[in-house]
Every structure is written in C-alpha cells, then in structure tokens.
1. How large is ³J(HN,Hα), in whole Hz, for each residue of the stretch 25-36 in order, when computed from phi with the Karplus curve 6.51 cos²θ - 1.76 cosθ + 1.60 and θ = phi - 60°, using x for Gly and Pro?
2. Need one number: nm distance between label points at K46 and L5, each 7 Å from Cα along Cα→Cβ, rounded to one decimal.
3. With an 8 Å Cα cut-off and a minimum separation of 6 or more residues, compute the relative contact order for the stretch 12-80 in percent.
4. Which residue fluctuates most in the GNM of the chain (Cα springs below 10 Å): K93, K26, K41?
5. Contact order normalised by length for the stretch 63-106, with contacts defined as Cα pairs under 8 Å and 6 or more residues apart; what percent is it?
6. Among the lysines, which fall within straight-line cross-link reach of K99, defined as a Cα-Cα distance under 19 Å, with same-chain neighbours fewer than 8 residues apart omitted?
7. Can you tally the net charge around M73? Count Lys and Arg as +1, Asp and Glu as -1, for every other residue whose Cβ sits under 13 Å from the Cβ of M73.
8. Three principal axis extents, largest first, for the C-alpha atoms of the chain, in Å?
Amino acid sequence: MKNRLKIRKGDEVVVITGKYRGVKGKVLKVFPKDERVIVEKVNFIKKHVRPNQQNQQGGIVEKEAPIHVSNVMLFNSKINEVTKPVIKVVGDKRVRVCKKTGDELN
C-alpha cells in the first residue's frame, strides 16, 4: 500500500509536540518513504563539516534535521488555525481541502 503524505513542500506548518512545540515554519523538504519533513527554523543539529570547495574553512555548521510528519500540523492562514487536510476528488483531480472550512488548499 502506498503511503501518501498530506504535507507538501512549501506548506506552512506548526509543530505540535516536542522541544519546538508551537513553532510555525515552512516545509523545506519532504521524505515520503521515511514519513519525515524538514521545517524551517525547527530541530537544529550541529554537524561537523570538512573543508571543501564551497566551505573553505570547514568547522561546525548548524542545520535543520528532519522531524516526523505526525509531529506537525498544517496551518491555515485564512482562519489562523491548524487544520487537517482532507483529499477530495473533484472531477478527475484529487484536491486537498481544509477539514474545518472546506476551502481548497494549494
């Protein structure tokens, strides 16, 4: 069975559990196989980097690490609340719709 994530790149989400609870951010990357997402300014890790062409100095770099998709919820800016996206079939297309208002999500 194919697992379809309802969170996509570019969506605005709110972290609902963990250290960064309540933080709102944009989804930068989605890993559907692992059911994980990278959210802007959330879950920072320190990574030791070797000197290379792009980074002549090397050293310790802080970057975002992936978090599980169950720890984030889609944010609807129209109603200023978190919401669950629902997939509806309109004609021959599958469309994400806000569960609370019924508005179509991009």
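Any read-out appearing in this document is the output of simple, stated calculations on the displayed coordinates, not a laboratory observation. Computed from a predicted model, the values in this text were never measured in an experiment. So basically every Cβ, Gly included, is an ideal-geometry build from the backbone, and we count neighbours across all protein chains shown.
1. Whole-Hz 3J(HN,Hα) from phi for the stretch 25-36: x, 9, 6, 8, 8, 10, 10, x, 4, 8, 6, 10.
2. With each label placed 7 Å out from Cα toward Cβ, I get 2.8 nm.
3. 34 percent
4. K93
5. 23 percent
6. By straight Cα distance, K99 reaches K6, K78, K84, K88.
7. Net charge in that neighbourhood comes out at +3.
8. Projected onto the principal axes, the Cα atoms of the chain cover 54, 29, 23 Å.
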